[in-house]
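Novice: What follows is a structure written as structure tokens; I'll ask about it next.
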């Protein structure tokens, strides 16, 4: 066969084009992994304002599987203690284990879950005392590095002495609307806030921080919100949270951001876990809110 | 103590007194008169010899009046000079380039070549060998050539990052004419900054570092720029698919000096600008280019004094413009180096060579955005800058003391200016105006180094290179001092075989903060500070090498390296994560360990040349706050790594070359399972869980960092050169094929949701691989006249 240089080049270009049409650039691959051994997943958030302790029990799924209702662990046998006393009369509401009880600051909850075919899992948490929120007020306009405008809100609080405290700040708005003869008041949390203070870290529900910078003292902090509506009422809320809540929330965002590797992001970050023998989160919080003075 | 000093002085005098005549001078290319560094000068039939230094100079005493010298260098014919000396003699030895298809190798010269090489873990690649590498996208790349050597690994597909013996990309002291370069990549790493037409040669050292080098832990890559042709004016260049280059060189002042000017530039922007405008009705315009400029001039003030000035400037620039009826905006990024050095070589006597150099080097990275709103006359400007600048002076002395001792000493003073990430923001509208600068503070640091090195020929069988590198580093009101001992012992074990043992302690006062570890321009050069200490390493190498046939050398090296005070971004941090001080976002005091076996078979002469390199290695990292404090595999830990280069000269007009690389897949972190998490206030613990599944985010179970491996990496490149003499000079068509058998090599993996094509039902997740480069044919037209 007499192949000229031009022919050769044409063939090569054809190969390149064809390779682009195949699954060259993106394709499914197989990596040998150890067989997945499912474990219990316990998720429980103890809220001082709630009338029950609620627990969701699921199981882990393999990396290529689905996490859906099929993973709800119907055969789990949970045992929950409040201050050492076993709670009874659990209701199984919509796949949740619900234990009606009176929740107070300082209460300790212990959870042990046995299962027919999975290893047992356990955890415990104590409910912190409420934050001492003094006042909250509007403090003018700020701009971020992209030029976006924000309303600045300052709030003052006093740290509880003698213990390491963990907090989460959030906003809440209140809208009053009328319908025929009735007046309705809507309240809703706003999690998407920012702060110029670097140690107020993003969480999925606001900003979490510790008392390391104002231990046992008083502090004035600033948060920013970019959609302050003059017709609404706004409240600053501070949750006094368990350490597990704080660690979980600050990890959650960076875990989600770094799940998918690319050239510019960092390495994947393991999720915080405080469940022995399994995965998930047992955390607690008490909330305090203060209306923002304008 | 007094007696000890007296003994030492007597010993030095005795060494000096009993020496006979001395031969000294320069080794150069016969046709261009370019000085050759690393050329071997030996007394034929003995093991007495030396190698030319970085400036081509050598000096050696001779114990007999009448001798035959054998002078050799890769790619050149060995020259034999019979001399009858009646006094100390200085001369320039010109080597003719190899022209024969079958090289003539004289049996007698082989043993001596090995005998004078005390250096371990080192290889010289002259420009002639470099030009035989297959071209990628029309460009021959120096760093891709180095990646084929054992112990030197590439990082991610397509990129020119260099990872030597488990070290990071920052741990390579890359010197261009003796001055450090901080970033050596273009186009995100597809090309290196080294224009092949202006390079005279490169020397790579992976272990057993001589005391004269310091400042990096893992390697020294010493790139020498051509001085320029002293015999005649010469122009060379190439036109390729994405870039073109032009170099001109020639004599100055009737051959007393020379000049060389080289420029390389891409013309990617010439295509991207009109295409982006046409595709968006003129609203968007995007352009990208990179360039490299090299300039050098040398001048001999006299037989004992040489001056030279060398300049390099190179940048990558990208600009995107977006215009519509309401606003005009511009995004730009830029990174690059500027380097300048002035040097004075002075021979105080034929046995005392000195060099004084003044150096400046700068690396900067910049990304910016500006926007003007034509509706309300507001504007915003944002810019992020990082970089490093060094100003330094270096004075070196090489004292050819006696037949058995060659002393090298020197001092270097460097002032560092670090800009580890500064953000500037300005905004203006009808009501307000703001102008803010925030981020990490600029830092200055001072560094003073002194070294002493002795190349001691203990006996015919034993040769020792021993010394120490003393370093003082002052930053932030604190001074770090370190004494770094170095030693390499060579023992001849047979006629053509030697055994070497070396130890080297190194300290590095700069760190590279890297999000991904692949060596991107966004990586941040930061200084060692009070909080983040200098990196240090200790490396031991044991080597055995043997000439197994004419021009064929086989060597095996075993090394173990320990690294301390390494840094890494804290979990979840990267260069984009906020304007906080970088010191608050890193984990310091990390440790690294690497050990390995390297086997290298090198055929240097003849029609058929090349090498085969194999590396078996293991590299770990350990940080207290990463991976629960447990050691984990380094991302570029590669159990097996193979690099093969083959070149064959079919005839005087056609050369072919091929490379093949194989490497164990990079270590990656993959989720081994998933579970339902408390996300945005959920999972809805207040009821209605199945219906609210959308809000119940899933998180991954990671059982350790870098616990999995991507598929092995392997690739073949192929090149063919058609050279033809023309009336006006010489032309070469250079045809190259990157990834010749179209292997889809993994760039990264990710879990992707999968849906049934017909029912569109969710089917769980599948692991997907992203690959970058299929077979890429490219050609360039090279010319020389």
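Novice: Residue separation times 0.36 nm, minus the C-alpha to C-alpha distance between residue A:25 and residue A:114: what's the value? Could the numbers behind the result be given before it?
Specialist: Numbers: separation 89, 0.36 × 89 = 32.04 nm, distance 4.64 nm.
Full-extension gain reported as 27.4 nm.
Novice: As a test of the definition: which semi-axes, in Å, follow for the protein assembly as shown when you take the square root of five times each eigenvalue of its alpha carbon gyration tensor? Largest first, please.
Specialist: In descending order, the three semi-axes are 62, 32, 30 Å.
Novice: Taking the beta-carbon count within 10 Å as an exposure proxy, list B:711, B:561 from fewest neighbours to most.
Specialist: Listing B:711, B:561 from fewest to most nearby Cβ atoms yields B:711, B:561.
Novice: Give me the one-decimal nm value for the distance between modelled label points at residue B:239 and residue A:180, 7 Å along each residue's Cα-to-Cβ direction.
Specialist: Simple spin-label model gives 8.4 nm for this pair.
Novice: I need to check one value: relative contact order of chain B, counting alpha carbon pairs closer than 8 Å and at least 6 residues apart, in percent.
Specialist: With pairs under 8 Å counted, the relative contact order is 10 percent.
Novice: With viscosity set to 0.692 mPa s at 37 °C, what whole-number translational diffusion coefficient in µm²/s follows for chain B from Stokes-Einstein and a Kirkwood radius over Cα pairs?
Specialist: 115
Novice: For a Förster distance of 60 Å, can you work out the FRET efficiency between the beta-carbons of residue B:64 and residue B:607, rounded to the nearest 0.05?
Specialist: Efficiency for this residue pair is about 0.95.
Novice: How much length is gained on full extension from residue B:741 to residue B:424, taking 0.36 nm per residue of separation minus their Cα-Cα distance?
Specialist: 109.3 nm
Novice: Going highest first, how would you order B:404-414, A:163-173 by mean Cβ packing within 10 Å? Don't skip to the end; give the middle numbers.
Specialist: Numbers: B:404-414: 18.1, A:163-173: 20.9.
Packing proxy ranking, top to bottom: A:163-173, B:404-414.
Novice: Applying 1/(1 + (r/R0)^6) with R0 = 56 Å to the Cβ-Cβ distance of residue B:415 and residue B:20, what FRET efficiency is obtained, to the nearest 0.05?
Specialist: Details: r = 46 Å, r/R0 = 0.81.
E between residue B:415 and residue B:20, to the nearest 0.05, is 0.75.
Novice: Can you compute the FRET efficiency between residue B:479 and residue A:257 using 1/(1 + (r/R0)^6), with r the Cβ-Cβ distance and R0 = 45 Å? Round to the nearest 0.05.
Specialist: Efficiency, from the Cβ-Cβ distance: 0.70.
Novice: For A:182, B:555, what's the fewest-to-most ordering of other Cβ within 10 Å of each Cβ?
Specialist: A:182, B:555
Novice: Counting only other chains, what is the mean number of Cβ atoms within 10 angstrom of the Cβ of each residue in peptide B:762-769?
Specialist: Mean partner shielding for this stretch: 6.
Novice: Have a look at the DSSP beta bridges in the protein assembly as shown and tell me what percent are antiparallel, nearest 5.
Specialist: Counting DSSP beta bridges with both partners in the protein assembly as shown, the antiparallel share is about 95 percent.
Novice: Could I ask something else about it? Residue by residue through B:740-747, how many Cβ atoms from other chains fall within 10 Å of the Cβ on average? Show your work: numbers first, answer last.
Specialist: Working: counts 1, 0, 6, 1, 8, 0, 3, 5.
So the per-residue partner count for this stretch is 3.
Novice: Please state the relative contact order of the range B:206-337 as a whole percent: Cα pairs under 8 Å, 6+ residues apart?
Specialist: 17
Novice: By how many degrees, between 0 and 90 and to the nearest 10, does the Cα long axis of helix A:243-257 differ from the longest principal axis of chain A?
Specialist: 30
Novice: Quickly rank B:325-333, B:488-496, B:212-220 as a protection proxy: mean count of other C-beta atoms within 10 Å, highest first.
Specialist: Ranking, from highest mean packing down: B:212-220, B:488-496, B:325-333.
Novice: Could you state, as a whole-number percent, how many of the C-alpha pairs of the range B:209-300 are farther apart than 20 Å?
Specialist: That fraction is 61 percent.
Novice: What's the angle, to the nearest 10 degrees (0 to 90), between helix B:2-17's Cα axis and the longest principal axis of chain B?
Specialist: Between the helix axis and the principal axis of chain B, the angle is about 70 degrees.
Novice: Bin all alpha-carbon pair distances of the range B:336-425 at 5 Å intervals from 0 and give each bin's fraction as a whole percent.
Specialist: 3, 11, 14, 12, 10, 10, 8, 7, 6, 5, 4, 3, 2, 2, 1, 1, 0
Novice: Now for a separate question. Counting other C-beta atoms within 10 Å, which of A:253, B:630 has the fewest, and how do the rest follow? Don't skip to the end; give the middle numbers.
Specialist: Values: A:253 16, B:630 11.
Listing A:253, B:630 from fewest to most nearby Cβ atoms yields B:630, A:253.
Novice: Volume per residue, Å³, of the convex hull around the alpha-carbon atoms of chain A?
Specialist: Expressed per residue, the convex hull around the Cα atoms of chain A is 254 Å³.
Novice: Separate question: Could you calculate, for the range A:40-126, the ratio of the Cα radius of gyration to the Kirkwood radius, expressed as Rg to Rh?
Specialist: Details: Rg = 13.3 Å, Rh = 13.6 Å.
Computed over Cα atoms, the ratio is 0.98.
Novice: Separate question: Note down the relative contact order for chain A as a percent, whole number, built from C-alpha pairs under 8 angstrom at least six residues apart. All intermediate terms of the calculation are to be shown ahead of the outcome.
Specialist: Numbers: 623 pairs, mean separation 60.4, N = 294.
The normalised contact order for chain A reaches 21 percent.
Novice: Please give the average number of partner chain Cβ atoms lying within 10 Å of the Cβ of each residue in B:697-710, rounded to a whole number.
Specialist: Taking the mean over all residues of the peptide, I get 5.
Novice: Select from A:82, A:256, A:194 the residue whose mean-square fluctuation is largest in a Gaussian network model of chain A (Cα-Cα springs shorter than 10 Å).
Specialist: A:256
Read-outs throughout are calculated quantities, based only on the coordinates presented, and are distinct from any laboratory measurement. Just so we're clear, the structure is a prediction, and the values are computed from it rather than from any experiment. Backbone-built Cβ (ideal geometry, glycine too); neighbour counts: all protein chains shown.
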